[in-house]
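Undergrad: Attaching a single structure in structure tokens format; questions to follow.
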Amino acid sequence: EFIYFDYDRYTVKPEYRDVLNKVAEWLKANPDYSLRIEGNCDERGTAEYNLALGEKRAKSAMDYLVKLGVAKDKINIISYGKERPVAQGGNEEAWAKNRNAHFVVYKK
């Protein structure tokens, strides 16, 4: 599951609240599972800047889930910056897909 961000932003957009609500409900109903949120960026900007921005994106999603009642210790975050693009290409269509937080569920 992915949520996407505007250029140079890390605020959860209103259209992704339903996705996060579903993730939160699933996690609360499945206590044997945890979540890794991977923050990602498009190719623009320095590696250092994008690592920091990816972390802010992942943390923003985590904070939203915690407000919905998910235990913080069930979530860990990591930033890959611009190192793991999901779309190739130097255009807005590709960049928009790469500005994301990726949710990975795993068993404890």
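Undergrad: List, please: which pairs have Cβ atoms under 7 Å, are six or more places apart or on different chains, and start with a residue in region 49-73 that is closer than 15 Å to residue 31 by Cα and at pLDDT 95 or above and end with one that is open to solvent by less than 30 Å² (accessible area, probe 1.4 Å) and β-branched (Val, Ile, Thr)?
TA: Once the first residue is closer than 15 Å to residue 31 by Cα and at pLDDT 95 or above and sits in region 49-73, its partners that are open to solvent by less than 30 Å² (accessible area, probe 1.4 Å) and β-branched (Val, Ile, Thr) give 65/23; 65/75.
Undergrad: For region 67-84: of the residues being over 14 Å from the mean Cα position of the chain (by Cα) and among the hydrophobic types (A, V, I, L, M, F, W, C), which is least open to solvent (accessible area, probe 1.4 Å)?
TA: This residue is 70.
Undergrad: Output yes when any residue across region 85-103 is touching a Pro at 6+ places or on another chain (Cβ under 6 Å), touching a residue at least 12 places away in the same chain (Cβ under 8 Å), farther than 20 Å from residue 25 by Cβ and open to solvent by less than 50 Å² (accessible area, probe 1.4 Å), and no when none is.
TA: For region 85-103, residues touching a Pro at 6+ places or on another chain (Cβ under 6 Å), touching a residue at least 12 places away in the same chain (Cβ under 8 Å), farther than 20 Å from residue 25 by Cβ and open to solvent by less than 50 Å² (accessible area, probe 1.4 Å): present.
Undergrad: Give the residues of region 27-43 that are open to solvent by 50 Å² or more (accessible area, probe 1.4 Å), in contact (Cβ under 8 Å) with a residue 24 or more places away in the chain and part of a helix (DSSP H, G or I), sorted by residue number.
TA: Within region 27-43, just 28 meets the criteria.
Undergrad: Test each condition in (1) open to solvent by 40 Å² or more (accessible area, probe 1.4 Å); (2) in contact (Cβ under 8 Å) with a residue 12 or more places away in the chain for residue 46 and report the one that comes out false.
TA: (2)
The values are calculated or read from the model by the stated rules, or taken from the named source; none is laboratory data. Just so we're clear, the structure is a prediction, and the values are computed from it rather than from any experiment. Note that we place each Cβ from the backbone using ideal geometry, even for glycine, and neighbour counts take in every protein chain shown. In case anyone asks, the SASA skips ligands and DNA or RNA and just uses the protein heavy atoms, side chains included. Shrake-Rupley method; radii C 1.70, N 1.55, O 1.52, S 1.80 Å.
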